[in-house]
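Only one structure is covered here, and it is reproduced in the block below.
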Amino acid sequence: MRVLIIEDDATLSKTLSQLLTDNGYQCDVAENLGDAKYYLDIRNYDLVLLGWGKSNSHDLSLISEIKKNARKTSVIVLSEREDKESEIEALRAGADDFIRKPLDYDILLIRIEAKLRFGASNIIEIEDLIINPEEEKIIYEGEEIELKGKPFEVLTHLAMHKDQIVSKEQLLDAIWEEPELVTPNVIEVAINQIRQKMDKPLDITTIETVRRRGYRFCFPKRVS
């Protein structure tokens, strides 16, 4: 599970990142909205922890952007505000939960687990194609397709950004833990495996190459 922490308190964001990492989550930290939007453009998140101070009311506008582009991402607001009206405002803005600071970290972990457990499913369904990221499973017309590892992750990331062009650099940063240590041709290898193990045998096209720009998930697109 991948979590984005948006918090301008550097000490708190470091504590949250360490806490979640110790409990098996992958974390990115953004100290401002510009950094947050950068991460949201290149990665898919299961959960966003959004710090909301007493003065930065504009932060809530980010929730609608998150939900518009990734409706299955849960958002928990972590706020210094103690009044009921602020909690109502955050929930009306699209937040899935509202937790007041100072944080009880044990309670926070339980609330995160509950939100991810009962949140919206990440399963992608497009016509007869089903991609289940949690179980690393692909089913087409009722038959399971054998595609695992990085090719599966590349396919899933592109499917989650259907009809958008995703560059090699974005794929590397989104999927590989240390993208600077691998070469861009690993993307070509993954795409080739998708086409060899899935597209050709099934007579479908799931990914198209956009010259000099990257790749786009284009299913359904039958091979003529």
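Values in this text are rule-based calculations from the coordinates and carry no lab data. Because the structure is a prediction, the values reported are computed rather than measured. As a convention, Cβ positions derive from the backbone with ideal geometry for all residues, glycine included, and neighbour counts pool all protein chains shown.
Here is how the numbers come out for the structure above:
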{"quantity": "The chain - mean residue ellipticity at 222 nm from DSSP helices (-39,500 (n - 2.57) per run, n ≥ 4, rounded to 500)", "calculated": "-11500 deg cm²/dmol"}
{"quantity": "Kirkwood-Stokes translational diffusion coefficient of the chain, alpha-carbon pairs, 25 °C, 0.890 mPa s, µm²/s", "calculated": "130"}
{"quantity": "Distance between modelled label sites at GLU127 and ASP22, nm, 7 Å Cα→Cβ extension", "calculated": "5.0"}
{"quantity": "Ranked VAL210, VAL29, VAL77, criterion: other C-beta atoms within 10 Å, fewest first", "calculated": "VAL210, VAL29, VAL77"}
{"quantity": "Pairwise FRET efficiency - GLU188 versus ASP9, Cβ, R0 = 41 Å, nearest 0.05", "calculated": "0.50"}
{"quantity": "Under-5 Å amide H pairs with LYS137, H placed in peptide plane, nonlocal only", "calculated": "ASN132"}
{"quantity": "Size of the range 2-118 as Cα extents on the principal axes (Å, biggest first)", "calculated": "34, 30, 30"}
{"quantity": "Nitroxide proxy distance, nm - points 7 Å out along Cα→Cβ at ASP203 and ILE107", "calculated": "6.0"}
{"quantity": "When each of LYS37/LYS115; LYS162/LYS221; LYS137/LYS197; LYS14/LYS101 is checked by Cα-Cα distance, pairs over 19 Å", "calculated": "LYS37/LYS115"}
{"quantity": "Local net charge near SER17, Cβ-Cβ under 10 Å (Lys/Arg +1, Asp/Glu -1)", "calculated": "-2"}
{"quantity": "With eigenvalues of the C-alpha gyration tensor scaled by 5 and rooted, the range 124-217, Å", "calculated": "21, 14, 12"}
{"quantity": "Relative packing of 149-158, 167-176, which averages over residues the other C-beta atoms within 10 Å, highest first", "calculated": "149-158, 167-176"}
{"quantity": "Cα→Cβ-extended label distance, 7 Å offset, between GLU65 and LEU181, nm", "calculated": "3.2"}
{"quantity": "Nonlocal amide H pairs with CYS27, under 5 Å, H built at 1.01 Å", "calculated": "VAL3"}
